[in-house]
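*Asks:* Dropping a structure here in structure tokens format, bear with me for questions.
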Amino acid sequence: MVSREYTFHGSVQGIGFRAHVKKKATELGITGWVKNMDDGSVKAVFSGTPEMTSIMEAYCRKIPLSIITSVESRPVEDGFSTFEILK
């Protein structure tokens with residue numbers, strides 16, 4: 001299992017981005033969270049197999065109506081049992 005934190009920059013708020021992420025993460029068995037940030041980005045933590053976390057990152061880059069201009073990623077500690085949308 002791996003856990004990575006992603007920050008998605010661009011047009012990612014107000015378009016259902018977090019709901020898409022939660023739905024796909026639940027389908028893939030990914031745990032973690034997703035949250036809108038004050039700077040207009042969306043931050044997410046995905047915990048799962050390396051293959052599943054890569055699938056999640058690729059999926060996020062293609063969410064309808066989003067325009068991703070850049071993505072930052074870094075490893076983080078695991079410890080999640082569900083996937084949540086944080087406020």
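Taken together, the values in this text are just the output of simple stated rules run on the coordinates, not laboratory data. Fair warning: this is a prediction, and the values are worked out from it, not measured in the lab. Glycine also receives a Cβ, built like all others from the backbone with ideal geometry; neighbour counts cover every protein chain displayed.
*Asks:* From the residues in region 39-63 that are of a type in the set (G, A, S) and assigned to a loop (DSSP other than H, G, I, E, B), which one is nearest to V21 (Cα to Cα)?
*Replies:* Restricting to residues being of a type in the set (G, A, S) and assigned to a loop (DSSP other than H, G, I, E, B), the top hit is S41.
*Asks:* Can E77 be described as touching a residue at least 60 places away in the same chain (Cβ under 8 Å) and within 10 Å of the chain's Cα centre (by Cα)?
*Replies:* Here the answer is no, as E77 does not meet what is asked.
*Asks:* Filter region 1-41 down to the residues that are within 15 Å of I63 (Cα to Cα), in contact (Cβ under 8 Å) with a residue 24 or more places away in the chain and among the small types (G, A, S), then identify the one that is surrounded by the most Cβ atoms within 10 Å (Cβ to Cβ).
*Replies:* Restricting to residues being within 15 Å of I63 (Cα to Cα), in contact (Cβ under 8 Å) with a residue 24 or more places away in the chain and among the small types (G, A, S), the top hit is A25.
*Asks:* Answer yes or no: is there a residue in region 51-67 that is free of Cβ contacts under 8 Å to residues at least 40 places away in the same chain and β-branched (V, I, T).
*Replies:* So far as region 51-67 goes, yes, one or more of its residues are free of Cβ contacts under 8 Å to residues at least 40 places away in the same chain and β-branched (V, I, T).
*Asks:* Checking the conditions here, which among I15, I30 is closer than 16 Å to G79 by Cβ and of a type outside the set (S, T, N, Q)?
*Replies:* Checking each option against the conditions leaves just I30.
*Asks:* Another question about this same structure. How many of the residues in region 63-74 are over 17 Å from Q13 (Cβ atoms) and either over 12 Å from the mean Cα position of the chain (by Cα) or surrounded by fewer than 10 Cβ atoms within 10 Å (Cβ to Cβ) (or both)?
*Replies:* The first filter runs over region 63-74 and keeps only residues over 17 Å from Q13 (Cβ atoms), leaving 73-74.
When the remaining residues are screened for being either over 12 Å from the mean Cα position of the chain (by Cα) or surrounded by fewer than 10 Cβ atoms within 10 Å (Cβ to Cβ) (or both), the result is 74.
Matching residues across region 63-74 total 1.
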